[in-house]
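S.K.: I am attaching a structure below and will ask some questions about it afterwards.
Each value in this text was obtained by applying a stated rule to the coordinates, not by laboratory testing. These numbers were taken from a predicted model, which means no experiment stands behind them. Backbone-built Cβ (ideal geometry, glycine too); neighbour counts: all protein chains shown.
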Amino acid sequence: MDLELTEEQRIFRDRFREFARGEIEAIAKECDEKGEFPKELFRKMGSLGYLGIPFPTEYGGSGLDLVTFALFAEELGHASAGIAVGIYVHVALALSAVHAFGTSRQKESYLAPGIRGEKVGAWGFAEPAGGSDPSSFRTVAEQGPNGWRLNGTKVFISNGTFADFIVVTAKTAPEKGAQGMSLLIVNKGTPGFTARRIPVMGVRATESAELVFDNCVLPQDALLGRENEGFLQAMKTLALGRIMAAAFACGLGRAALEASLKYAGERKAFGQAIGAFQGNQWTLADMATRLDASWLLTLRAAQLAGEGRPHIKEASMAKLYASETATWICERAVQIHGAYGMAMEYPVQRYYRDCKLLEIGEGTSEIQRNTIARQLGLK
Ligand SMILES: Cc1cc2nc3c(=O)[nH]c(=O)nc-3n(C[C@H](O)[C@H](O)[C@H](O)COP(=O)(O)OP(=O)(O)OC[C@H]3O[C@@H](n4cnc5c(N)ncnc54)[C@H](O)[C@@H]3O)c2cc1C
């Protein structure tokens, strides 16, 4: 395993870090307060090639490796977790699924404009009856003479209020349970499709929504990939997504650690900087150590996935450890800041509210543990 970044990866990271500081971190507080996603960011990032990192040049992508993609996700998470979710869902889930399973026509219609930032995607998997257990899903797509008739509800769908298209899972052979699911692409404005915002405590810039599909008629070619193979396709998409979610958690954890180190050097108590107390030093040392361990797990999973080698277990380990570490670091960061950790003018309260999503979205920590246990041969 290569622990050193290549020259190209370092140049990319430094260039994107500068962009993320000026264009994302600078508006993070305002977007969180307003609970609004800065939609113009998609076109801005698309014009600079930032939405097409892992995709082929044929569709306008950069064709870069997955470690570079992880560096991108890490910087996004560092700049603003709320904004990062919207970008991440668009690239790592919606566009990735179209890239992996789409026809050339679907790639022309969704992937290419998605990479340019002209169309925004969302990923519609979770349902009200439970996000972890796909066998409980009730969204159904029936084939008819005019195409597919889609009925059902999805919940907490990021970008749901404004996305131009949503990749949804629906049962196309309900009698087969999760094995009878397919992926379908639903366009914004489809009659019968409505979206309603669901306010959440963290990642508030992400516009999470409930999506209702009431007798939506979709064309025959709305099917993405193979009929009844949607569960497998969704799991493959999520395995890559988990690596990016892990990288994103590393970025958020780094932001909280940096804020804590700065504050520990400035804040005085009992005549000395609070960073001079051994208890705080050990906490900061543990934060840095666990963060490095998170990044190493993430790097390993990204390298394996990039080489086309098995990575299900490694992706789950990275996501599990990095997200739980981010939560731990953000909680400690608030403690180090004392009352100012809860003050709205300081960013650590936002990190603390934002981090929790990472243990829930993309498969909860419990589901990651189940996946790892199965990969260890446990039944
Ligand atoms: C801000 C936000 C954005 C989101 N964005 C998206 C999105 O863009 N697209 C999307 O599809 N979804 C999205 N989600 C939904 C997310 O994926 C689901 O919330 C998640 O999958 C968990 O589903 P659930 O909330 O229904 O929990 P449940 O499945 O009901 O689980 C409840 C609890 O039981 C535990 N549990 C369940 N099964 C087991 C088991 N077998 N063993 C042990 N414990 C178990 C869970 O880990 C959890 O702790 C988002 C959620 C949030 C909060």
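S.K.: Each residue of the stretch 12-26 in order: what ³J(HN,Hα) in whole Hz does its phi give by Karplus 6.51 cos²θ - 1.76 cosθ + 1.60, θ = phi - 60°, with x for Gly and Pro?
M.R.: Taking θ as phi minus 60°, the curve returns 4, 4, 5, 5, 6, 4, 5, 4, 4, 4, x, 9, 10, 4, 4 Hz for the stretch 12-26.
S.K.: To continue, here is another question. What net charge is computed for the residues neighbouring Y351, neighbours being all others with C-beta under 11 Å from the C-beta of Y351, Lys and Arg scored +1, Asp and Glu -1?
M.R.: +1
S.K.: Over the chain, with a Gaussian network built from C-alpha contacts below 10 Å, which listed residue (I243, I157, I27) shows the highest mean-square fluctuation?
M.R.: Among I243, I157, I27, the largest GNM mean-square fluctuation belongs to I27.
S.K.: Let me ask something else about it. Which far-off residues, 5 or more places away or on another chain, put their amide H under 5 Å from the one on C216, with H placed in the peptide plane?
M.R.: Excluding prolines and chain starts, which carry no amide H, the hits are L150.
S.K.: Would you please classify the overall shape of the chain from the alpha carbon gyration tensor, given that a ≥ b ≥ c denote the square roots of the eigenvalues, rounded means a/c under 1.5, and beyond that prolate means a/b larger than b/c while oblate covers the rest?
M.R.: It comes out prolate by the Cα gyration axes.
S.K.: What percent do you get for the relative contact order of the chain when only Cα pairs under 8 Å and 6+ apart count?
M.R.: 17
S.K.: Helix-derived [θ] at 222 nm for the chain: sum -39500 (n - 2.57) over DSSP H runs of at least 4, divide by residue count, nearest 500?
M.R.: After summing the helix terms and dividing by the residues of the chain, the value is -15500 deg cm²/dmol.
S.K.: With the cut-off at 1.5 for a/c, could you classify the stretch 7-119 from its C-alpha gyration tensor as rounded, prolate or oblate?
M.R.: oblate
S.K.: Between V212 and E18, what's the calculated FRET efficiency when r is the beta-carbon distance and R0 is 41 Å? Round to 0.05.
M.R.: Plugging the Cβ-Cβ distance into 1/(1 + (r/R0)^6) gives 0.50.
S.K.: List the residues, sorted by chain then number, that are 5 or more residues from I198 or on another chain and whose placed amide H is less than 5 Å from its amide H.
M.R.: Amide H neighbours of I198: S208, A209, E210.
S.K.: Let me ask something else. To make sure I understand the rule: partners must be aspartates and glutamates, Cα under 17 Å from the Cα of K313, and not fewer than 8 residues away in the same chain. Which ones qualify?
M.R.: Straight-line reach from K313, under 17 Å: E324, E359, E362, E366.
S.K.: List the Cys residues of the chain that have no partner Cys with a C-beta closer than 4.7 Å.
M.R.: Singleton cysteines: C31, C216, C250.
S.K.: Here is a further query. Treat each spin label as a single point 7 Å out from the Cα along the C-beta direction, and report the S104 to W282 distance in nm.
M.R.: Each label point is offset 7 Å from its Cα along the Cβ direction, giving 6.4 nm.
S.K.: Past the 19 Å Cα-Cα mark, which pairs from K34/K262; K119/K236; K107/K188; K29/K319; K154/K356; K356/K379?
M.R.: Listed pairs above 19 Å: K34/K262; K119/K236; K29/K319; K154/K356; K356/K379.
S.K.: Could you derive backbone 3J(HN,Hα) for the stretch 84-97 from the dihedral phi with the Karplus parameters 6.51, -1.76 and 1.60 (θ = phi - 60°), listing whole Hz in sequence and x where the residue is Gly or Pro?
M.R.: Running phi through 6.51 cos²θ - 1.76 cosθ + 1.60 with θ = phi - 60° gives 4, 4, x, 6, 4, 4, 4, 7, 6, 10, 5, 5, 4, 5 Hz.
S.K.: Further, regarding this structure: Tell me which trypsin sites (Lys or Arg not before Pro) from the stretch 177-275 have a DSSP coil assignment and no more than 14 other beta carbons within 10 Å of their own.
M.R.: Sites meeting the loop and neighbour criteria: R226.
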